[in-house]
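The values are calculated or read from the model by the stated rules, or taken from the named source; none is laboratory data. Only a predicted model underlies this, so the values are computations on that prediction, with no experimental measurement involved. Cβ atoms come from the backbone with ideal geometry, glycine included; neighbour counts cover every protein chain shown.
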Amino acid sequence: MTMASDWTESNYVLLRLGPAGRERFALPADDVEELAGASRLQKFPHTTNRIDGVIVRRKRVLAVRDVASVLTGRPLSFHRFYLIVRRRYGAVTELEAIPVSGDCELLSGVIPMPRGESEPEYFAGIIDLAGEQVPLLDLEKLAAASSASPDSARRPA
Amino acid sequence: MNGGTSRRARPLRGSPSPAGAPAAQRQEPVIVFDVAGAEFSIPAGAVHDIRSTDSLAGEAAMLEQPDFPWVRHTIERSGTTQYVVSVGTFFNLPRSRPSLVLVLRNVRCALLVDRIERMDALSSILALPRAFCGEERRWFLGLALFDDGVVPMLNPQGILTTEHLERLDARVAAGAVPV
């Protein structure tokens, strides 16, 4: 599934994590490039927390970020897709891959609610889906939180 | 040295930036080597000499020091002490059987590796994605993209820092033990 790139700011992408994709989160559609099939994860030594390795996509090397550990408390044991997202480093945009459990959905015309005070900073808001409260993620804050999250799999410094 | 070109490097001219940005434009010969099943590469021009570990037995001195367990030996070259870095220990890789030492040019470092996989030529290397923000930014010049995957390219100047060298020099001054 390739996401259209001309969605408005009121569009969101619903992603699934956890066993059977039961835990759902949303990202602004503007942050999402596409949904890609599972590619070969390639690893090399590094010390950055919550980066699993890289995948090669269209001759680009994309870092693979484990956000499931931050959002659900455990890494995905199995993933079917990578959600390719746009990260911003100052004026530079770079693509990054997030393993997700299942297919993603486009949400149109939904209005997020503010997050509660006790919610983590990487929740930008909450989207109500037929009574289910789905956290809307702030990708940059989530990436910062994942980098700060201890990761036993990394190479010891 | 078994330096055959078993795999061809992809031409990468025009790769987009930033993660795909070419960090070098001319064709550069690279050496791809293996340590404990993990592949690394290094610009061939950075390597002065490739020696077998056996051939260094009479020249290397053991360095007993607790600070950097990946440095256990030194060699003398042109009146300068070079520190032999076990790449496997440095990167916390599974135990392996190193058989070669890559003596590097212009740095006081030599690399203990298992074997040379091949030599190749790259028109460019890919920048490390910015998501990587740890020591790997010092260790690697970038990523070499081959048909069957990416291989990190070691930065010859990024393995031992000035601080490492100062502390190792102090240990050497305290006395190395000949092997």
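Restricting to the range A:59-86, and then to whatever is modelled with pLDDT of 90 or more and basic (Lys, Arg), can you tell me which residue is farthest from A:Glu105 (Cα to Cα)? Here the answer is A:Arg60. Of all residues in the range A:69-81, those satisfying the criterion of being outside any loop (DSSP other than H, G, I, E, B) and touching a Gly at 6+ places or on another chain (Cβ under 7 Å) are A:Thr72, A:Phe81.
The rows are residues; the columns are (1) in contact (Cβ under 8 Å) with a residue 60 or more places away in the chain; (2) crowded, with 18+ Cβ neighbours inside 10 Å; (3) part of a loop (DSSP other than H, G, I, E, B); (4) among the polar types (S, T, N, Q).
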site: B:Thr74; (1), (2), (3), (4): yes, yes, no, yes
site: B:Thr89; (1), (2), (3), (4): no, yes, no, yes
site: B:Pro98; (1), (2), (3), (4): yes, yes, yes, no
site: B:Glu117; (1), (2), (3), (4): yes, yes, no, no
site: B:Val151; (1), (2), (3), (4): yes, yes, no, no
site: B:Glu166; (1), (2), (3), (4): no, no, no, no
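Taking the range B:141-175 as the range and being under 13 Å from B:Val85 (Cα atoms) and touching a strand residue (DSSP E or B) at 6+ places or on another chain (Cβ under 6 Å) as the test, the residues that pass are B:Leu154, B:Pro156, B:Ile159, B:Leu160, B:Leu168. Is it the case, given these coordinates, that B:Leu126 is of a type in the set (A, V, I, L, M), in contact with a Lys or Arg (Cβ under 6 Å, 6 or more places away or on another chain) and within 14 Å of chain A (Cβ to nearest Cβ)? So B:Leu126 fails the test.
If you go through the range A:19-54 and keep only what is part of a loop (DSSP other than H, G, I, E, B), more than 9 Å from every other protein chain (Cβ to nearest Cβ) and crowded, with 18+ Cβ neighbours inside 10 Å, you end up with just A:Arg50. Of the listed requirements (1) away from chain A (no Cβ under 14 Å); (2) at pLDDT 95 or above, B:Ile42 misses just one: (1). Scanning the range A:55-65 for residues that are more than 7 Å from chain B (Cβ to nearest Cβ) and not basic (Lys, Arg) turns up A:Ile55, A:Val64. Flag set for A:Ile126, criterion: surrounded by fewer than 20 Cβ atoms within 10 Å (Cβ to Cβ), farther than 25 Å from A:Ala63 by Cβ, in contact with a Lys or Arg (Cβ under 8 Å, 6 or more places away or on another chain) and not charged (D, E, K, R). Restricting the first member to the range A:111-133 and to residues that are part of a loop (DSSP other than H, G, I, E, B), and the second to residues that are surrounded by 14 or more Cβ atoms within 10 Å (Cβ to Cβ) and at pLDDT below 90, the beta-carbon pairs closer than 9 Å and six or more apart or on different chains are A:Glu121/A:Arg115; A:Tyr122/A:Ser146.
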